[in-house]
Structure formats: C-alpha cells, structure tokens
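Enquirer: Below you'll find the structure I mean.
FYI, it's all coordinate maths here, none of it is from the lab. Not measured: the values here are computed from a predicted model. Cβ placement follows ideal geometry from the backbone for every residue including glycine, while neighbour counts extend to all protein chains displayed.
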Amino acid sequence: MTNEVLNYCANESCNAPIHFGQAVFKVGHELVCSGKCLVAKLGAKTVTAGKEEPEGNE
C-alpha cells in the first residue's frame, strides 16, 4: 500500500482518505473505508428480532 490518496470515504461523517491498494467496500460507484462506514452509508441499524419498533417510532 502506498500513501497515494485515490478517493475519500463516501460516508459523509467519515471522509477518511482511501489509499491505493486499500481494501474497501463499493456502494454503487462510491467507496467506503470500513464495515462501520458501509452500514452507516446504507442506513442500516442493529435491532433485536421480534422487538423492532414500527416505522416512524424509532
């Protein structure tokens, strides 16, 4: 891995530099730097099965 910055994480709250050769996740045409940023970018959240709140009551 070199220090060459190719892009920045597409998660708006992160924006970490993405370096040449770095393992990343691709969402459409955007890159995210980690699993945590991938989950945030997708808008996913952790819930307990059977205990989810109905839409709008989060």
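Enquirer: Just the residues that are polar (S, T, N, Q) and surrounded by 15 or more Cβ atoms within 10 Å (Cβ to Cβ), please, taken from the range 8-41.
Expert: Those that are polar (S, T, N, Q) and surrounded by 15 or more Cβ atoms within 10 Å (Cβ to Cβ): 11, 22, 34.
Enquirer: Okay, moving on. Which one of 35, 21, 28 is at positive phi, free of Cβ contacts under 8 Å to residues at least 12 places away in the same chain and not aromatic (Phe, Trp, Tyr)? Spell out the reasoning first.
Expert: On the way: 35 fails: at positive phi; 21 fails: free of Cβ contacts under 8 Å to residues at least 12 places away in the same chain.
Testing whether each residue is at positive phi, free of Cβ contacts under 8 Å to residues at least 12 places away in the same chain and not aromatic (Phe, Trp, Tyr) leaves just 28.
Enquirer: Something else: Suppose we filter the range 16-43 for residues that are over 10 Å from the mean Cα position of the chain (by Cα) and assigned to a loop (DSSP other than H, G, I, E, B); how many remain?
Expert: So the count comes out to 7.
Enquirer: What's the total number of residues in the range 1-15 that are over 14 Å from the mean Cα position of the chain (by Cα) and free of Cβ contacts under 8 Å to residues at least 12 places away in the same chain?
Expert: Number of matching residues: 0.
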